[in-house]
Ligand code: ATP
């Protein structure tokens, strides 16, 4: 039997998802189709070691939004593995926790791949997973060094970021059609990202 074909191809897609938006979902879906992958696991980071500021919304809200966002796609799931570890979230530790029978692919936006050399243990990351990169408007193109552990996959280029969505919401603007409807419902119901920010960080 062909062992290559029997391994489950799992995409690991980490982020602070503050909030999860259509850019994230569109590239995860493109990764399913064009890498291709059997499933994608969205791994919610407690906080990114490289971002100066921690997330605006609390863990419970970000997790709830992520679960609402993936509910319609059985090949998508959410992992809490990084929430269960203390301290900042290191991708190498996350990949170690998934290493086993499956074939791992680490899904990254173009901005994230540019930062990879600053991550903890990038060589080990590249040994644990094939890096699959979605080019992102405004980010440098991924290096095409012919390395078999880095693949730029065909994904829509969507100029959308969580930072910009938080700024829109803070101005009282709608995020409808920029995040899935149930996610927008959660943001409205919880009053997240408003300038006065009454409920950020609480459950
Ligand atoms: P923020 O604006 O708060 O920094 P973000 O929108 O970049 O957030 P993250 O949760 O930091 O979202 O991103 C998780 C992953 O998704 C990263 O690998 C990032 O590069 C990628 N990503 C996010 N938005 C896009 C996009 N529009 N196109 C391609 N990749 C994206």
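Taken together, the values in this text are just the output of simple stated rules run on the coordinates, not laboratory data. Please read all numbers here as calculations on a predicted model, not as lab measurements. Please note: Cβ atoms are built from the backbone with ideal geometry, for glycine as well, and neighbour counts cover all protein chains shown.
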On Cα atoms only, tilt of 181-190 relative to the major axis of the chain in degrees: 50
Residue 26 versus residue 170: modelled label distance in nm, points set 7 Å from Cα along the beta carbon direction: 2.4
Label-point gap, in nm, between residue 8 and residue 188 - each point 7 angstrom along Cα→Cβ: 3.7
Span per principal axis, largest first, for the Cα atoms of segment 82-130 (Å): 27, 26, 17
Fluctuation leader among 155, 189, 99 - the chain, Gaussian network, Cα springs under 10 angstrom: 189
Using a Förster distance of 35 Å, the FRET efficiency for residue 127-residue 195 (Cβ separation, nearest 0.05): 0.20
Cα pair distances in the chain, grouped into 10 Å bins until the bin that holds the longest one, percent each: 9, 36, 38, 15, 3, 0
Protection proxy ranking, peptides 58-69, 169-180, average beta carbon neighbours within 10 Å, highest first: 58-69, 169-180
Rounded tilt (10° steps) of 59-70 against the dominant C-alpha axis of the chain: 60
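Can you compute the helix-only [θ] at 222 nm over the chain? Use -39500 (n - 2.57) per DSSP H run of at least 4 residues, normalise by all residues, nearest 500 deg cm²/dmol.
Working: 8 runs with 69 residues, N = 203.
Result for the chain: -9500 deg cm²/dmol, rounded to the nearest 500.
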Gain on full stretching of the segment that runs from residue 181 to residue 81 - 0.36 nm per residue minus C-alpha separation: 33.4 nm
GNM flexibility winner over the chain from 124, 168, 53 (Cα, springs under 10 Å): 53
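Determine the gain in length on full extension of the stretch residue 103-residue 120; use 0.36 nm per residue of separation and subtract their C-alpha separation, reporting nm with one decimal. Display every interim value, and only then the final one.
Values: separation 17, 0.36 × 17 = 6.12 nm, distance 2.11 nm.
That works out to 4.0 nm of additional length.
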Label point distance in nm, residue 38-residue 163, each placed 7 Å from Cα along Cα→Cβ: 3.7
Alpha carbon centroid spacing (whole Å) that separates segment 1-57 from segment 83-135: 10
For peptides 160-166, 106-112, sequence by mean Cβ density within 10 Å, most packed first: 106-112, 160-166
